[in-house]
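Asks: Supplied in structure tokens, the structure appears directly below.
A short reminder: the numbers here are calculations on the coordinates, not readings from a lab. From a predicted model like this one, the values you see are computed outputs, not experimental measurements. All Cβ positions, glycine included, derive from the backbone under ideal geometry; neighbour counts span all protein chains shown.
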Amino acid sequence: METANTERKKVIFSAIQPSGTITLGNYLGALKNWIHLQDEYSCIFALADLHTITVRQDPAKFRHNVLEAYALLLACGIDTEKSPFFIQSQVCTHAQLAWILNCYTQFGELQRMTQFKDKSAKHADNVNAGLFTYPSLMAADILLYQADLVPVGADQKQHLELSRNIAERFNGLYSPTFTIPDAYIPKQGARIMSLKDPTKKMSKSDENVNGYVAVLDKPDDIMRKFKRAITDSEACVRSAEGKDGVNNLMGIYSCVTGLTNEQIEKEFEGKGYGDFKIAVGEAVVEHLRPIQERYADYSKNKDYLEKCYTDGAQKAFSISNRTLSKVMKKVGFIPKAF
Ligand code: ATP
Ligand code: LTN
């Protein structure tokens, strides 16, 4: 039977913003899944740095964050031989298609986006047009690669829904041009909460550095943050409604050890939170150790990094330019003769 070989692998596109240090939440909630998808799907990954400037950035810090995130994602296991991995601003088709899609996106649609409402409240002194049209750039990212599936967290579902609407609208006005993307919900999803306020998600923009663990945090810092994590007064390691802090620590422990909640409850039967927090801290340190070691190697090797992102950008350009050319032709632009 030939079908298995000739069947096209589904295309997955995803991106993350290099807007700060990558947290354990980003890693367990998103990046770890990307790594596992690489064999089964045809994956393309990006650092969405054009999106990042919707919030004002210090140039030197921004450059540092982009290169750090690139090296760190390689260290987490992105295999550039299998999956083109590029920096969005280096592939000009993204900004070009975003402009065109802006003209097929309604003001009212963008106005309804909850991220826009949240971020414009948070950065009231800089409610720029980029923040408003952020979703059409995200739609361009996805549609350029004819992605079938897009792994996104709950906060990005509304943007993905808008991408689908824009794609359907364009296909309807002209002829089928874009694949309509679906959200990819991982089988084993993890939502990691802040160690200081377990009702809030762990976030790199948290003002309290003790609320999040960065993937590149030193072992001592990781241990200190876990030892000080908020729990409750029951002093019993079990998962239950209302025990947000303990549930979160159990979730983290489960992600890095592969143990189920029942196994964790058994392991800590009769023990207090002190022992449990130390065990979670140590398991996280051990889980992150090889990533941190690989990161140290990659970040020393600037030439290798440059080769990887340049190669990624070239591959991404060649794939995405096919879609952009089709779109431009359909809209009625004069084809370039150079
Ligand atoms: P910011 O603080 O700037 O909003 P963030 O740390 O919340 O950043 P994003 O850049 O918005 O992270 O998200 C990158 C990816 O990581 C997304 O797919 C998102 O769903 C996932 N992610 C972020 N935080 C968590 C978390 N605490 N648990 C699980 N997944 C997360
Ligand atoms: N907006 C996303 C990052 C992002 C993205 C994308 C995710 C930019 N372009 C395309 C999936 C597909 C975020 O902030 N997490």
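Asks: Quick check: Cα centre of segment 209-250 to Cα centre of segment 26-90, how many Å?
Replies: Each part reduced to its Cα centre gives a spacing of 27 Å.
Asks: Moving on to the next point. With label points built 7 Å along Cα→Cβ from the Cα atoms of K266 and D303, find their separation and express it in nm.
Replies: Going from the K266 label point to the D303 one covers 5.3 nm.
Asks: I'd like to know which of T105, G153, A75 lies farthest towards the positive end of the charge dipole of segment 1-155, counting +1 on Cβ of Lys and Arg and -1 on Cβ of Asp and Glu.
Replies: T105
Asks: Of the trypsin sites (Lys or Arg not before Pro) in segment 161-203, which ones lie in a loop per DSSP and count no more than 11 other C-beta atoms within 10 Å?
Replies: The qualifying sites are K187.
Asks: Further question: Where the only charges are on Cβ atoms (+1 Lys, Arg; -1 Asp, Glu), what is the dipole of segment 24-178 about its Cα centre, to the nearest 20 debye?
Replies: About 440 debye.
Asks: Would you mind checking which residues have amide H under 5 Å from I87's amide H? H placed 1.01 Å from N; only 5 or more apart, or other chain.
Replies: Long-range HN contacts for I87: L47, A313.
Asks: Cα-Cα over 25 Å: which of K61/K204; K119/K277; K227/K266; K204/K271; K243/K266?
Replies: Violating the 25 Å Cα-Cα cut-off are K119/K277; K204/K271.
Asks: Moving on. Hey, what did segment 198-288 get for relative contact order, percent, Cα under 8 Å, at least 6 apart?
Replies: That works out to 32 percent.
Asks: Still on this structure, please answer the following. Counting only C-alpha contacts under 8 Å and six or more residues apart, can you give the relative contact order of the chain as a whole percent?
Replies: Relative contact order here is 22 percent.
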